[in-house]
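Below you'll find the structure, written out as structure tokens, and then a few comments.
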């Protein structure tokens, strides 16, 4: 299985795993073990950077990359043309970061690990509980 991690889900996996839903926890543990692949959209690292600069997160993008380095179950997904074009497929989603994360899931044919129910009904299966 492949899945895309929403920013909050990835941060919680690395810092406060108890906040994750059961199915989300299973997905991340499977990626940790190298059985499944978790894509980390590059835009999530941008979002982490913005939140870190504002003092809303204590984990930096560099720390996230250090933690995931060497784990076969994780891959940073660069923003590409396919995702950029898919961005326009989600006009009902107001947050541009969420739209790009959905676009990453659609472009890779992956499910999305996210607590955000507002992302339901966008043609991407959401994993949480």
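Miscellaneous remarks
- Build a GNM of the chain with springs between Cα atoms under 10 Å apart, and of 31, 62, 107 the one that fluctuates most is 62.
- Taking other Cβ atoms within 10 Å as a rough exposure proxy, 59, 48 sort from fewest to most as 59, 48.
- Whole-Å distance, taken between Cα centres, linking segment 89-110 and segment 1-79: 17
- Cα gyration tensor, segment 2-127 - rounded (a/c under 1.5), prolate or oblate: rounded
- Segment 1-48 shape via C-alpha gyration tensor axes, a/c threshold 1.5: oblate
- Calculated FRET value between residue 67 and residue 89, using beta carbons and R₀ = 30 Å, to 0.05: 0.45
- Helical mean residue ellipticity (222 nm; -39500 (n - 2.57) per DSSP H run of 4+; nearest 500) of the chain: -13500 deg cm²/dmol
- Take the Cβ atoms of residue 16 and residue 82, set R0 to 41 Å, and the FRET efficiency comes out at 0.80.
Just so you know, all these numbers are worked out from the coordinates, no wet-lab data involved. Not measured: the values here are computed from a predicted model. With ideal geometry, Cβ positions are generated from the backbone for all residues, glycine too; neighbour counts draw on all protein chains shown.
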